[in-house]
Amino acid sequence: MHRSIAIVGAGPAGMAAAIEAVRRRCRVTLIDEAERPGGQIYRQAHPALAGEEHAERAELARKHALIERFERVAGQLDYRAGATAYAAFGNGELHISERGRTEVLRPDATILATGVRELAVPFPGWTLPGVMFAGGAQAILKSQKVLPGARAVVAGCGPLPLVVAAQLLRAGGEVAALALLRPLTGMLAHPMSLWHGREIVRDGFRYAATVRRAGVPRLTGYVAVRAIGTECLEAAVLARVDAAGRVVPGSEREIPCDLLAVNYGFVANSELAAMAGARMRRDPVIGGWIPEVDAWGRTSIPGLFTAGDGAELRGALVAEADGTVVGAAAASPDGAAEASPGSELASAIAQRARHLEFQQVVRSTLRLPMELWRLVTDDTIVCRCESVRFGEIKDALANGHRSLNAVKRNVRSGMGWCGGRTCLHAIASLVELSTGSAPTEMMTPRPMARPVSFAALARRSPT
Amino acid sequence: MPSDFTFSFEGKPVSAREGQSVAAALIAAGERCLRIDEAGSPKGAVCGIGACWECRCSIDGVPDTRACMTPARAGMIVRRQRGLDPCIDQ
């Protein structure tokens, strides 16, 4: 009997899980929205655009090694590029849409390797064209070979703003300022953990060198408080914040730019797990709402696994090792595998633990002080799709609508095209800021996790 | 930058390279405002990965198509949506 396994997401975790499950003779279906494997971190440009890469050589070597391993088994699995999983249910059904058709899969096990998206902290003016997530600007650069702005301000916290600033410079862009909530040098207080992450730390120093050599002004302890412009972004306003995250009056600096690239960390794409009924928990530093999983990636729903950043924010190297472990577990009928000493599985488990040591240190750079959410003024749009301002959310809260579902029903926040993915975490944090207690339940994710046309629903492939 | 073909945005020709998304080609051409939302505010590309739906355009008569996820093709007709107007008149 060959077990059938569906994997959602072809990033590091999904690719590694697919490789392992094929090796264990499972029938694997891999569903991914992109045309080529890689996910966000190992995103591949169209072959016609291949060439110039602005990432560090070591990072590229890790990317190409995994993609090569994947390509060797790709012929032995049912790889659905350009397909979307839009619903998952507790009975094991996975609903996908693909090129104008839909299909229901009923695999023996499903692995959600859906990764993360960027965490949005709204601020006045952030809806202007030219204000982007830093990873979004990087995606345009990395896979499209287009400079997303001629003169950029890069801001936020954690390692990504530094990486994006360096890559913009290497692509010939100008970076007018790099503003970080707190210095990355805080990581140096944990030398053992840095040793565990030495491959990545080395890349980090090289990116930092690029930024230093270009003479980019580095504003540490500064955040983007406002974006200015009429039709498009014309300037970013940065200001210093104190240790509690409060803006220091009089510290504002206005910097003309046509790109403001901001990243404050990431939230898990956990909607499908929640939709299927998996028990969830919330931890803002490791991905907002994430499913409760054990060491084999098992959720509370039998047959439903998660792997990689979608299970918990831990970075690409953990995701790759985790994919191998979870792929092995899902391949076995009891959902756990035998890791004999010296086996590849035992080595993946050890790798995962080693890289996680390093990720603990990275997390220390991603913690957002609650006061930082005061960047969101009453007039600031929080839900971009439905143009809902914070003032409207506060009114709903004052009227006793305390849960995210109640707020959503009252002001439509989270009911637009993105399905609440962009604003969910911001609204949860703003509810916590306003009421003093964190919401316990996420907005109930229902089908469709992505918009699907009626025509595609009508064209259902037989299964 | 070498261009392989052109498509039309709001009636103007825009150069693109094979493999580029509509959003990337528009950004390269200096077109930042890809949509006017229901509240009348200009919107552009934000997440770059198909998650936020802010860059949706009318592409070859199909409204609400994500420009960042759609490969540009020669002769495509791309329109800037205004509010709820789906721009289906070509």
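In the list A:C385, A:C423, which residue meets the criterion of being open to solvent by 20 Å² or more (accessible area, probe 1.4 Å) and within 13 Å of chain B (Cβ to nearest Cβ)?
A:C385
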Original post:
Any idea which residue in the stretch A:279-305 is nearest to A:A339 (Cα to Cα), counting only those that are modelled with pLDDT of 95 or more and open to solvent by less than 10 Å² (accessible area, probe 1.4 Å)?
Top reply: A:G297
**OP:** Scan the strands (runs of 3 or more DSSP E) fully inside the stretch A:73-163 and keep the ones with 1 or more residues being open to solvent by less than 10 Å² (accessible area, probe 1.4 Å) and within 14 Å of another protein chain (Cβ to nearest Cβ).
**Re:** A:83-88, A:131-133, A:151-156
**OP:** Mind listing just one residue for me: the one in the stretch A:36-49 that is open to solvent by 50 Å² or more (accessible area, probe 1.4 Å) and within 8 Å of chain B (Cβ to nearest Cβ) and, of those, modelled with the lowest pLDDT?
**Re:** A:P47
Subject >> Output for the stretch B:53-63, where each listed residue is in contact with a strand residue (DSSP E or B) (Cβ under 6 Å, 6 or more places away or on another chain) and among the β-branched types (V, I, T) >> reply: B:I59
Original post:
If you go through the stretch A:60-73 one residue at a time, do you hit one that is within 25 Å of the chain's Cα centre (by Cα) and farther than 25 Å from A:V318 by Cα?
Top reply: no
**OP:** Residue by residue through the stretch B:42-61, note down the ones that are surrounded by fewer than 24 Cβ atoms within 10 Å (Cβ to Cβ) and on the phi > 0 side of the Ramachandran plot.
**Re:** B:G50, B:D60, B:G61
Original post:
List, please: which pairs have Cβ atoms under 8 Å, are six or more places apart or on different chains, and start with a residue in the stretch A:96-119 that is touching a residue at least 60 places away in the same chain (Cβ under 8 Å) and basic (K, R) and end with one that is surrounded by 22 or more Cβ atoms within 10 Å (Cβ to Cβ) and part of a strand (DSSP E or B)?
Top reply: A:R106/A:L94; A:R117/A:F266; A:R117/A:V267
**OP:** Test A:D334 against the criterion of being surrounded by fewer than 24 Cβ atoms within 10 Å (Cβ to Cβ) and acidic (D, E), and give yes or no.
**Re:** yes
**OP:** Consider A:G125 carefully, then state whether it is small (G, A, S) and within 29 Å of B:D37 (Cα to Cα).
**Re:** yes
Original post:
Restricting the search to the stretch A:181-205, which residues are surrounded by 17 or more Cβ atoms within 10 Å (Cβ to Cβ) and assigned to a helix (DSSP H, G or I)?
Top reply: A:L184, A:M187, A:S193, A:L194, A:H196, A:I200, A:V201, A:D203, A:G204
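Going through the stretch A:1-30 one residue at a time, which ones are charged (D, E, K, R) and within 22 Å of A:A273 (Cα to Cα)?
A:R3, A:E20, A:R27
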**OP:** Could you tell me whether any residue of the stretch A:365-378 is open to solvent by less than 20 Å² (accessible area, probe 1.4 Å), within 24 Å of A:I286 (Cα to Cα) and part of a strand (DSSP E or B)?
**Re:** no
**OP:** Output the residues belonging to the stretch A:13-43 that are over 17 Å from the mean Cα position of the chain (by Cα) and outside any helix (DSSP H, G or I).
**Re:** A:R24, A:R25, A:C26, A:R27, A:V28, A:T29, A:L30, A:I31, A:E35, A:R36
Subject >> Qualifying residues in the stretch A:50-72 (those that are under 24 Å from A:V211 (Cα atoms) and at pLDDT 90 or above) - the one surrounded by the most Cβ atoms within 10 Å (Cβ to Cβ) >> reply: A:R62
Subject >> Residue that is farthest from the other protein chains (Cβ to nearest Cβ), among those in the stretch B:1-52 that are in contact with a strand residue (DSSP E or B) (Cβ under 7 Å, 6 or more places away or on another chain) and of a type in the set (V, I, T) >> reply: B:T6
Original post:
Does the stretch B:79-90 contain any residue that is among the β-branched types (V, I, T) and either touching a helix residue (DSSP H, G or I) at 6+ places or on another chain (Cβ under 9 Å) or surrounded by 22 or more Cβ atoms within 10 Å (Cβ to Cβ) (or both)?
Top reply: no
**OP:** Return a yes/no flag: does the stretch B:23-42 have any residue that is touching a helix residue (DSSP H, G or I) at 6+ places or on another chain (Cβ under 6 Å), of a type outside the set (K, R) and free of Cβ contacts under 8 Å to residues at least 24 places away in the same chain.
**Re:** no
Subject >> Residue that is nearest to the other protein chains (Cβ to nearest Cβ), among those in the stretch B:53-63 that are farther than 23 Å from A:V267 by Cβ and more than 10 Å from the chain's Cα centre (by Cα) >> reply: B:V62
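Out of curiosity, is A:C418 surrounded by 22 or more Cβ atoms within 10 Å (Cβ to Cβ) and either in contact with a Phe, Trp or Tyr (Cβ under 6 Å, 6 or more places away or on another chain) or hydroxyl-bearing (S, T, Y) (or both)? Before you say what the answer is, go through the steps one by one.
Values: surrounded by 22 or more Cβ atoms within 10 Å (Cβ to Cβ): yes; either in contact with a Phe, Trp or Tyr (Cβ under 6 Å, 6 or more places away or on another chain) or hydroxyl-bearing (S, T, Y) (or both): yes.
So A:C418 fits the description; yes.
The values are calculated or read from the model by the stated rules, or taken from the named source; none is laboratory data. This is a predicted model, so every value here is computed, not measured. Counting neighbours? That spans all protein chains shown, and the Cβs are built from the backbone with ideal geometry, glycine included. These area figures cover heavy atoms from the full protein model, side chains too; ligands, DNA and RNA do not enter into them. Shrake-Rupley method; radii C 1.70, N 1.55, O 1.52, S 1.80 Å.
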